[in-house]
Amino acid sequence: MKHNLSLFFLLVSFISFAQVEEKKLDELIQNTLKTFDVPGMSVGVIKDGKMIYSKGFGVRSLTTKQPMDDTTLVGIASNSKAFTCVALAILADEGKLSWDDKVSKFIPEFQMYDSYVSQNVTIKDLITHRAGLGLGQGDLMFFPEGGNLTVNDIVHNVRYLKPENPFRTTLDYNNIMFIVAGEVIHRVSGLSWADFIEQRIMKPVGMNASFGSYNRAKAVANKIDAHAPVDGKAIAVPHDWNETANAAGGIMSNIKDMTTWAEFLLNGFTTKDGKKLVSDKNIQQLWSLQIPDRVAMKNPYDTSFYGYGLGWFLSDVKGHKQVQHTGGLIGTVTQFTLIPDMKLGIVVLTNQQSGAAFNTITNTVKDSYLGITDRNWLKTYGDRMQKVEAEYNKQKKEAFAKSDAFKKDKNLQPKAEQFVGKYNDVWFGDVEIAQQGNTYRISCKNSPRLKGGLLPFSNNTFIIKWDDRSYDADAYLIFSYDENGKAESAKMKAISDITDFSFDFDDLDLKRK
C-alpha cells in the first residue's frame, strides 16, 4: 500500500510539473532573459530517469537572430572538468594510474615553484584546487583566446608560478592544474584529451551531438555566439576558449546531451545499454569531499558543508547531497546541478555571462522539488545585481575621472624615456610599451588580443584601456623607478572588482629588458 501511495504521489508530481510548472518555468525564463539582458538560454530538467523539461528560449545570436533550442551547442566551460576527472577514473579502473601517483611519473619534466611540491604533487592534487596556486593564477597563459603558448609551454611555465598558499591547505580554484591533468591523460592513453573524451565517454554515454573542443564544432550551424555587456548592453563577441585549455573547459554540448550526461551519472555512471564506465570505488572518490571550503552561517539551503570533490563542487541542500559545477567564458556561462538521492538533474546553458540568470532558474526548479515556496529568486538576484553593478560602475568611473584630472597637467606626467620599452614576465612572456604620436600602447607577445591604450593616472601609473571592451578588465599599470627615474619593473591590478579572475594581472611581475 505504501509503495502504491508513493507511486501515486510521484505520478501526481510529474503531471503537475508537466501541466502547471512548465508554464511557470517558461514565463520565468523569458523574464530572466529580459532582466539580465541574456539573448538566449536553454534549460533541461531530468527526474527519476525521465526528461521533465527541455527547451530553448531567445536567440542563439544577436547577429543572426536564429532561435536557441535544446539542440543549440554551447561552450560548457568548466563543466568540462568533470569529464577530465571521469577520464582519469576510467584510467584508474584500468590500472593505468592511481589518484595518488606523482605527476612526475607521467610528466617527468613537470615542476612547481617549490621543489618539495614538485616531488610530491599527485594526480589528485591537480584536480582538487589544493596544489597551492591562487584563484585563476596563471590563466593569462591561455586566456583570453588566441594566445601563442602550447600545452607543453604551460606545463613548463608552472614552475615559475609562486604559490599563494601552502600545499594542500586551501581550495583556490585553478585552471592551470587541470591543463596538466589533461596532459597526463594524453601521455597515459596516447590520445589527445578531446579524442579520449569523445571516444571513451561521450560516445558510450550517447552524447552524440557534443564535441571535445570548440574547433571540432566549427562546421555546426546551430551553436551560439557569445555575448557580453559593453556600455550596459549585451553584444556579440568572439568565442573565447584556447585549445590548450580544453581539459579545463573546452567542451561544446547542448541540453539534450547534457541531460543525457546527467542521467548517466545519476544512474551510477552506467550507460543506457548497461555499461558501467566507472567503478563504485572511483565514483565514491569523485563525489567525496577532498578539500573543504567555508560555508556562510546563514544561507538559503541550510548548507553545513561545502567543498570540492574530483571535478565537482559538493554541498548539502536541505539535507540532500548536491553535486554541482558552473562554467564561464567571456560571453557565456553554464550551470550543472545534481541531487543524486532525488534522482534530479538541472542544466542551464546561456549565451551571456550572467551567473545571476542561471542561478535564478536552477534555484527555482530546485525549490519546487524541495518543497520550498514563495522565494522570488528573479527579484533577489535582480536587486542584488543592480547594487553590485552600481558599485562596479562607481569604481570604474572614479578611476577614469582621476585619470582625466591628471591628464590636464602635462608637467606631472611620466616621460616616454622613463617607461617605454619591452618588459618580461617569466611565465607570461614579453610585454611591450610603445609610443604612438602623443599616445602610448601596450601589447602582449603571447596573448595578441590583449592590447590597448595607456591613460596617465599618476606619476608612476597608467590605466590600461583594452581595445576589446567586452573584457571589462581595464587595469592599472604601476611602474617602479630606479634612482634615475627610469622604470625597472611594473605590476598590474584591475581597476574594478568586476574583472574576471582569469585576467590574472596581480601575479605578473614585469621586468624591463
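Summary of computed values
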{"item": "Qualifying strands (runs of 3 or more DSSP E) (wholly inside the stretch 216-308; at least 3 residues being on the phi > 0 side of the Ramachandran plot)", "result": "none"}
{"item": "Counted residues, the stretch 334-360 - those being crowded, with 24+ Cβ neighbours inside 10 Å and part of a helix (DSSP H, G or I)", "result": "3"}
{"item": "Residue that is touching a Cys at 6+ places or on another chain (Cβ under 8 Å) and not polar (S, T, N, Q), where the choices are Leu314, Leu266, Leu310, Leu277", "result": "Leu310"}
{"item": "Residues of the stretch 477-504 classified as assigned to a loop (DSSP other than H, G, I, E, B), more than 22 Å from Lys233 (Cα to Cα) and either free of Cβ contacts under 8 Å to residues at least 60 places away in the same chain or acidic (Asp, Glu) (or both), total", "result": "4"}
{"item": "Qualifying residue in the stretch 465-484 (condition: among the β-branched types (Val, Ile, Thr) and farther than 30 Å from His227 by Cα)", "result": "yes"}
{"item": "Residue among Gln324, Gln335, Gln352 that alone is over 28 Å from Lys124 (Cα atoms) and not hydrophobic (A, V, I, L, M, F, W, C)", "result": "Gln352"}
{"item": "Residue within the stretch 217-233 that is in the same structural domain as Ser61 (by TED's automatic domain parsing) and over 20 Å from Leu62 (Cα atoms) present", "result": "no"}
{"item": "Residues located in the stretch 290-333, provided they are touching a strand residue (DSSP E or B) at 6+ places or on another chain (Cβ under 8 Å), among the aliphatic types (A, V, I, L, M) and surrounded by fewer than 16 Cβ atoms within 10 Å (Cβ to Cβ)", "result": "Val295"}
{"item": "Subset tally (residues that are at positive phi and over 29 Å from the mean Cα position of the chain (by Cα)) for the stretch 406-457", "result": "2"}
{"item": "Residue under evaluation Thr364, criteria (1) part of a helix (DSSP H, G or I); (2) hydroxyl-bearing (Ser, Thr, Tyr); (3) at pLDDT below 95, criterion not met", "result": "(3)"}
{"item": "Residue ID - nearest to Asp482 (Cα to Cα), chosen from residues in the stretch 384-420 that are surrounded by fewer than 16 Cβ atoms within 10 Å (Cβ to Cβ) and among the small types (Gly, Ala, Ser)", "result": "Ala416"}
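Every residue, every condition in (1) in contact with a helix residue (DSSP H, G or I) (Cβ under 8 Å, 6 or more places away or on another chain); (2) among the β-branched types (Val, Ile, Thr); (3) more than 24 Å from Trp312 (Cβ to Cβ); (4) buried (at least 23 other Cβ atoms within 10 Å of the Cβ), yes or no:
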| site | (1), (2), (3), (4) |
| --- | --- |
| Ile185 | yes, yes, no, yes |
| Gly190 | no, no, yes, no |
| Phe196 | yes, no, no, yes |
| Arg200 | yes, no, no, no |
| Asn215 | yes, no, yes, no |
| Val220 | no, yes, yes, no |
| Asp225 | no, no, yes, no |
| Ala236 | no, no, yes, no |
| Asn246 | yes, no, no, yes |
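Rundown of residues vs (1) among the small types (Gly, Ala, Ser); (2) out of contact with any Lys or Arg (no Cβ under 6 Å at 6 or more places or on another chain); (3) over 25 Å from Lys162 (Cβ atoms); (4) crowded, with 17+ Cβ neighbours inside 10 Å, yes/no style:
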{"residue": "Gly429", "(1), (2), (3), (4)": "yes, no, no, yes"}
{"residue": "Ser458", "(1), (2), (3), (4)": "yes, yes, yes, no"}
{"residue": "Thr461", "(1), (2), (3), (4)": "no, yes, no, yes"}
{"residue": "Lys465", "(1), (2), (3), (4)": "no, yes, yes, no"}
{"residue": "Phe479", "(1), (2), (3), (4)": "no, yes, no, yes"}
{"residue": "Gly485", "(1), (2), (3), (4)": "yes, yes, yes, no"}
{"residue": "Ala490", "(1), (2), (3), (4)": "yes, yes, no, yes"}
{"residue": "Asp504", "(1), (2), (3), (4)": "no, yes, no, yes"}
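Quick grid of which residues meet (1) under 23 Å from Gly328 (Cβ atoms); (2) of a type in the set (A, V, I, L, M, F, W, C); (3) surrounded by 24 or more Cβ atoms within 10 Å (Cβ to Cβ); (4) at pLDDT below 95:
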{"position": "Asp37", "(1), (2), (3), (4)": "yes, no, no, no"}
{"position": "Asp69", "(1), (2), (3), (4)": "yes, no, no, no"}
{"position": "Ser80", "(1), (2), (3), (4)": "yes, no, yes, no"}
{"position": "Ser98", "(1), (2), (3), (4)": "no, no, no, no"}
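The values are calculated or read from the model by the stated rules, or taken from the named source; none is laboratory data. Since the model is a prediction, treat every value here as computed from it, not as a measurement. Cβ atoms come from the backbone with ideal geometry, glycine included; neighbour counts cover every protein chain shown.
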